[in-house]
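Working notes, beginning with the structure itself.
The values are calculated or read from the model by the stated rules, or taken from the named source; none is laboratory data. Here the structure is a predicted model, which is why all the values come from computation and not from measurement. Note that each Cβ is placed from the backbone with ideal geometry, even for glycine, and that neighbours are counted across all protein chains shown. With ligands, DNA and RNA removed, areas are computed over all heavy atoms of the protein, side chains included. Shrake-Rupley method; radii C 1.70, N 1.55, O 1.52, S 1.80 Å.
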Amino acid sequence: MTRERRPTSLFVTQHYWPEALGSAPYCTDIAGCLAAHGVPVTVFTCRPHYPEGVVPPDYAGGSHDRERLNGVHVERVTPWLPRRRNALGRIFAEMVFLLKGTAALASGRIRRTDLVVSLCPSILTVLLGVLATRRGGRHIAVVHDIQSGLASGLGMVGAGPLVKLMRWAERVVLNRATVVLVLSENMRRRLRAQGVKAPIDLLPIWVDTKAIAPREKADTEAVNVLYSGNFGKKQALPQIVAMAAFLEERGSDVRITLRGAGGEAARLAEDVARRGLRNVRFAPLVPADALVEGLAEGDIHLVPQNGDAADFAVPSKVYTIMAAGRPFVASARPGSMLWQLMDESRALLCVPAGDANALADAVQRLAQDPALRRELGRNGRNYAMTRHDKAIVLQRFLTIAEGGASERIGRGEHAATSSHL
């Protein structure tokens with residue numbers, strides 16, 4: 001009797017541990033989940049560089065380019081870091097990663113495998129996943145951002161030939177996947193409108209509700225309004241600075257903390273200084289082992305968005321905030337996922353994107369109503385535990401990876417099993 005060959009898996013992503021923001025933590029969880037269930041996993045990724053755009057000294061020399069982490073074999077390559085983080089620079093960086101991945105396949109550094117998982121916003125990374133999938137194997141494309149929509153909505157490429165080329169590439173490459181996983185129904189509709197006919201299933205962002213739990217903070221302390229995360233164009237952070245100016249003009253005593261790093265950091269600091277705002281301070285991200293305490297520092301959290309990008313990405317931080325039992329104010333386009341989340345969870349207040357005055361009104365309302373803050377926080381905690389708990393969502397991923405869910409969806413149909421997530 002011949003022994004059945006043990007399936008292997010490959011995860012291709014530009015972002016992985018120890019990056020703390022963006023998609024890296026979720027890629028790390030997926031790879032770890034596969035490894036914990038006995039599937040040999042290789043991750044092909046870059047040296048860490050997000051969001052600062054700089055490889056930290058511990059990784060710059062290449063000593064961690066081949067290592068084993070929590071049962072996962074990790075292969076890293078040097079990222080190409082553009083001086084200007086515009087659309088063309090990012091596309092070129094993604095092309096370099098594709099070329100390095102193709103070379104790694106040709107040299108045998110990584111091998112074509114039975115199960116491949118690839119991460120998009122980079123459609124070129126998904127293309128690498130196509131090339132790395134063994135004949136008859138399964139390729140799962142995890143779409144956390146629709147790159148063409150983000151680039152166009154943020155004004156990075158306009159509506160000309162480049163964005164049309166990006167949409168064509170997304171359509172052609174995603175249609176080569178066995179199944180495409182997206183974060184929201186809005187994202188699924190967008191991809192269908194672009195001509196993606198491959199099975200599309202919903203796999204929402206998850207949060208470890210055991211590790212992220214509420215911490216009490218006395219109501220007598222000054223109210224702290226916290227933004228924590230990447231300082232990028234997608235987050236539309238100038239509206240927070242404008243909100244701070246409105247609050248200061250009104251004599252509000254709330255404090256605003258902007259915690260993070262990214263390409264817009266210097267511009268934000270200049271705006272705060274130019275306005276002479278005394279109610280805003282900047283702080284670095286807290287380390288992972290202090291995340292729960294860091295979340296508790298925010299009596300009110302902020303989740304701003306660029307309205308033109310609302311349907312192409314989902315801010316993952318909302319579920320962490322909810323798990324921590326903290327209320328938040330979001331700015332987004334009416335009808336977007338965040339407005340739907342407000343109605344479903346009753347854990348946040350939502351205002352139109354770009355309306356700094358409305359943002360200030362919502363913050364001031366929560367600052368003056370501790371009981372409402374506690375109510376929204378409790379609702380958010382319950383919502384995260386029942387719909388976005390890490391164990392629940394990753395179990396669904398395992399089912400999809402084994403072919404037990406996506407084949408039932410068909411092409412373009414709703415997955416009934418997704419609605420409760």
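Before moving on, here are some points about what is shown:
- Number of the exception - residue 229 against (1) open to solvent by 20 Å² or more (accessible area, probe 1.4 Å); (2) at positive phi: (1)
- Filter result for residue 9 (more than 30 Å from residue 265 (Cα to Cα) and surrounded by fewer than 19 Cβ atoms within 10 Å (Cβ to Cβ)): no
- Scanning segment 22-44 for residues that are open to solvent by less than 20 Å² (accessible area, probe 1.4 Å), free of Cβ contacts under 8 Å to residues at least 40 places away in the same chain and touching a Pro at 6+ places or on another chain (Cβ under 9 Å) returns a single hit, 24.
- Residues satisfying the stated conditions in segment 176-196, i.e. farther than 24 Å from residue 354 by Cβ, modelled with pLDDT under 95 and in a loop (DSSP other than H, G, I, E, B): 194, 195, 196
Per-residue answers, yes or no, for (1) under 25 Å from the mean Cα position of the chain (by Cα); (2) at negative phi:
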| position | (1), (2) |
| --- | --- |
| 49 | yes, yes |
| 53 | yes, no |
| 58 | yes, yes |
| 77 | yes, yes |
| 89 | yes, yes |
| 93 | yes, yes |
| 105 | no, yes |
| 113 | no, yes |
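- Among the conditions (1) in contact (Cβ under 8 Å) with a residue 40 or more places away in the chain; (2) on the phi > 0 side of the Ramachandran plot, the only one that residue 276 does not satisfy is (1).
- Condition met for residue 207 (open to solvent by less than 60 Å² (accessible area, probe 1.4 Å) and under 14 Å from residue 360 (Cα atoms)): no
- Residues satisfying the stated conditions in segment 311-331, i.e. closer than 17 Å to residue 356 by Cβ and either at pLDDT 95 or above or hydrophobic (A, V, I, L, M, F, W, C) (or both): 328, 329, 330
- Among the candidates 314, 318, the residue that is in contact with a strand residue (DSSP E or B) (Cβ under 8 Å, 6 or more places away or on another chain) and crowded, with 18+ Cβ neighbours inside 10 Å is uniquely 318.
- Of residues in segment 45-75 being of a type in the set (D, E, K, R) and either open to solvent by 50 Å² or more (accessible area, probe 1.4 Å) or touching a residue at least 40 places away in the same chain (Cβ under 8 Å) (or both), the one farthest from residue 124 (Cα to Cα): 58
- Residue in segment 76-94 that is open to solvent by 30 Å² or more (accessible area, probe 1.4 Å) and closer than 17 Å to residue 129 by Cβ present: no
- Selected residue (only one of 254, 241, 286, 292 is of a type in the set (A, V, I, L, M, F, W, C), surrounded by fewer than 23 Cβ atoms within 10 Å (Cβ to Cβ), in contact with a helix residue (DSSP H, G or I) (Cβ under 9 Å, 6 or more places away or on another chain) and closer than 28 Å to residue 55 by Cα): 286
- Qualifying residue in segment 98-106 (condition: in contact (Cβ under 8 Å) with a residue 40 or more places away in the chain, not charged (D, E, K, R) and not in a helix (DSSP H, G or I)): no
- Selection of first residues in segment 370-389 that are touching a residue at least 24 places away in the same chain (Cβ under 8 Å) and of second residues that are in a helix (DSSP H, G or I) and among the small types (Gly, Ala, Ser), restricted to Cβ pairs under 8 Å at least 6 apart or on distinct chains, gives the following pairs, ordered by first then second residue: 379/345; 380/323; 380/345; 381/323; 383/345; 384/323; 385/323; 388/323.
- Pair list, Cβ < 6 Å and 6+ apart or interchain, from segment 159-170 residues that are within 11 Å of residue 194 (Cα to Cα) to residues that are at pLDDT 75 or above and part of a helix (DSSP H, G or I): 169/123; 170/123
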